[in-house]
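Encoded as structure tokens, the structure appears first; notes follow it.
Each value in this text was obtained by applying a stated rule to the coordinates, not by laboratory testing. Being a predicted model, the structure only gives us computed values, none of them experimental. Here the Cβ is made from the backbone with ideal geometry for all residues, glycine too, and neighbour counts use every protein chain on show.
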Amino acid sequence: MSSRERAIKVQVPGDADAMQLVEVEVGDPGPGEVRIRHQACGINYIDVYHRSGAYPLPAPFGIGGEGAGLIEAVGEGVTHLAAGDRAAYASQPPGSYCTARVMPARNVVRLPDAIDFETGAAMMLKGLTAQYLLRRTLPQGGLQAGDFVLFHAAAGGVGLIACQWARALGLQLIGTAGSDEKCALAAELGAAFTINYRTENFVARVKEITGGRGVKVVYDSVGKDTWDGSLDCLQPFGLMASFGAASGPPAPVAVGTLAAKGSIYLTRPTLFTHIATHENTQAMADELFEVVGSGQVKIRIDQRYPLADAARAHRDLEARKTTGSSVLLP
């Protein structure tokens, strides 16, 4: 089965207008692949990195690593999915900004009936990221109920999921955001404390909140603007988990700095290392589906855009105008 479909493609990396809506031919899945027809496509900040060339891809290329829809066909060797299944994924290679695609089946999982397509598209990359951070990227000795953690960009898509999941785990999440409104949203969804980093010194506030001890772990997707302060918020043997660079990459780190700050640990994890196998993907997705299905974590979709408006969606994201999750509707 082959059909003409609509897809967002980038010929030359650049600003949001580098994305163009074009027609593409989509054929049958090969071994280990599925063909999925999207009902919704997730939008994430990593898409900006790909589009701009910050994370280079061979051009021309598609954009987007998250979506949900119906499986139309499966290739040889695919046994965990069948035509007609409701499905969702966070996956490489990029290319989810489209009406339908053929893609590797490894990271595609069945979407529970209780979770609608828009929620499925909005939750997979962000939810699996929150899962590997809070459940797998842990400081020495792990995290126990009552422990303090610092989470930057707490009102973003990953942040709002992390706020709720941390509350369910009994953690005291200190969330930073760039406005009082965003701080209020993070607090509403589970942050034990919030800090408006535009009007407050977040290092001083963290020390005040923790009685001078600092936090066990910092989860930082902002990068350059928060880097030095994040290191200063850690208690001895704490963990700095840098998982993004929305404000730009931090300066190179002198190894001796880690000693001077208290024998701290530093890691730069990525989701795609964690979901390298179907078994890992499924286990992580099962945990995510459980906390969403139980109501402990609610997925906020605050922005919806037609597929043709992908450039506007990126401009809003880069201007930090968005909260929660955003989706494209094919």
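Here the sum of -39500 (n - 2.57) over DSSP H runs of 4 or more residues, divided by the residues of the chain, equals -9000 deg cm²/dmol at 222 nm, to the nearest 500. Just to confirm the number: angle between the C-alpha axis of helix 278-293 and the first principal axis of the chain, 0 to 90 degrees, nearest 10? It is inclined by approximately 70 degrees.
Counting only residues at least eight positions apart within a chain, or on another chain, the lysines with an alpha carbon under 27 Å from that of K321 are K9, K126, K182, K224, K298. A simple spin-label model places the labels of S247 and E200 1.6 nm from each other, with each point 7 Å out along Cα-to-Cβ.
Once the Cβ-Cβ distance between S2 and D286 is put in as r, and R0 is 25 Å, what FRET efficiency do you end up with, to the nearest 0.05? After rounding, the FRET efficiency stands at 0.15.
The calculated FRET efficiency for S179 paired with R135, based on their beta-carbon distance and R0 = 35 Å, is about 0.75. Computed extension length for D15-A254: 82.8 nm, one decimal, from 0.36 nm per residue of separation with the Cα-Cα distance subtracted. Of all aspartates and glutamates in the structure, the ones whose alpha carbon falls short of 13 Å from that of K261, not counting any fewer than 8 places away in one chain, are D228, D232.
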